[in-house]
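Visitor: Got a structure here, written out as structure tokens. Questions coming.
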Amino acid sequence: ATDQTIRFGKENHIATLGYCNPDIPDQRYFGVEMLVEGFEEIDEEFLIRVYQRYHHLPWKILETKRTIVRELTLSDMDALFELYAQPGVTEYTEGLYERQEEEEYERAYINHMYRYFGYGMWLVFSKETGELIGRAGFEHHNLVIGGKEELALEMGYVISPKVQRQGYAYEVCQALLEYAKRNMDFLVVHAFVQEENYASHQLMKKLGFCLNSIEEQSDGVKMHHYELPLK
């Protein structure tokens, strides 16, 4: 019956969920969009997101007073390149690849990072104009913490110079941290700021981060490592 249901869904372009029923051993779930272990987590938003994943539609992650934060799609590439071409944007963050390579990278990022982990670097849009004004979100890295390597959550952001000094970075990052507290299992979020990036140092302090260490990279760049407990 399960195989028939999955086959019916695929033939009729219907997203399907798999239920991990502990009373039925050796179940097969190939072809389902998501697996669930119970029904407490299933609500309207959950079902909408399953539908969006199946049809390759971006998730809206959150809203703030002035912005909408959502996943990136390949149709956003022109706006993304325009954002990163603005003066000063890549002064303290890595730039984009050449157009074809960046599109290949983002396609893989959507299919793997968004789909499997449900988080990543998202896009920030102005509610008033609909314009892309930034990029912000979370990624994970293996960091050596307390003498041992562990998977750690890192927050990052970019805000367009057109709207800097208007409180957008604080507004978006504060909302991201609240989102992480509600929806993610990490106990601590990390942030790394170049020593000369004074605006980001002030933002980290305003958000409640504490300085953990100052590390010099192989290229001589000094990075300030900040931490904030989520739980």
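Visitor: Looking at (1) open to solvent by 50 Å² or more (accessible area, probe 1.4 Å); (2) touching a Lys or Arg at 6+ places or on another chain (Cβ under 9 Å), can you tell me which one residue 171 breaks?
Guide: Residue 171 satisfies all of (1) open to solvent by 50 Å² or more (accessible area, probe 1.4 Å); (2) touching a Lys or Arg at 6+ places or on another chain (Cβ under 9 Å) except (1).
Visitor: Does any residue of region 162-176 turn out to be assigned to a strand (DSSP E or B), in contact with a strand residue (DSSP E or B) (Cβ under 8 Å, 6 or more places away or on another chain) and of a type outside the set (D, E, K, R)? Reasoning before the result, please.
Guide: Step one: of region 162-176, the residues assigned to a strand (DSSP E or B) are none.
No, every residue in region 162-176 fails to be assigned to a strand (DSSP E or B), in contact with a strand residue (DSSP E or B) (Cβ under 8 Å, 6 or more places away or on another chain) and of a type outside the set (D, E, K, R).
Visitor: Could you check region 71-106 and list, in sequence order, the residues that are open to solvent by 60 Å² or more (accessible area, probe 1.4 Å), of a type outside the set (Val, Ile, Thr) and under 26 Å from residue 152 (Cβ atoms)? Walk me through it before giving the result.
Guide: Initial filter on region 71-106 (open to solvent by 60 Å² or more (accessible area, probe 1.4 Å)): 74-75, 78, 82, 85, 87, 90-92, 94, 97-101, 104-105.
Next, from what is left, pick out any that are of a type outside the set (Val, Ile, Thr): 74-75, 78, 82, 85, 87, 91-92, 94, 97-101, 104-105.
Correct list: 91, 92, 94, 97, 105.
Visitor: All but one of (1) over 19 Å from residue 124 (Cα atoms); (2) crowded, with 19+ Cβ neighbours inside 10 Å hold for residue 151; state the number of the condition that does not hold.
Guide: Failing condition for residue 151: (2).
Visitor: Still on this structure: How many of the residues making up region 106-153 are part of a loop (DSSP other than H, G, I, E, B), among the hydroxyl-bearing types (Ser, Thr, Tyr) and under 18 Å from residue 54 (Cα atoms)? Break it down into steps so the answer makes sense when it comes.
Guide: First, pick out the residues of region 106-153 that are part of a loop (DSSP other than H, G, I, E, B): 118-120, 127-131, 146-147.
Filter once more, keeping what is among the hydroxyl-bearing types (Ser, Thr, Tyr): 119, 129.
Filter once more, so that each one left must be under 18 Å from residue 54 (Cα atoms): 119.
Total satisfying the criteria: 1.
Visitor: Mind listing whichever residues of region 213-231 are more than 14 Å from residue 196 (Cα to Cα) and open to solvent by less than 80 Å² (accessible area, probe 1.4 Å)?
Guide: If the condition is that a residue be more than 14 Å from residue 196 (Cα to Cα) and open to solvent by less than 80 Å² (accessible area, probe 1.4 Å), then 213, 226, 227, 228, 230 are the ones that fit.
The values are calculated or read from the model by the stated rules, or taken from the named source; none is laboratory data. Note that the structure is a prediction, hence the values are computed from the model and not measured. Quick reminder, even Gly has a Cβ in these numbers, built from the backbone with ideal geometry, and neighbours come from all protein chains shown. Just the protein is used for accessible areas: all its heavy atoms, side chains included, with ligands, DNA and RNA removed. Shrake-Rupley method; radii C 1.70, N 1.55, O 1.52, S 1.80 Å.
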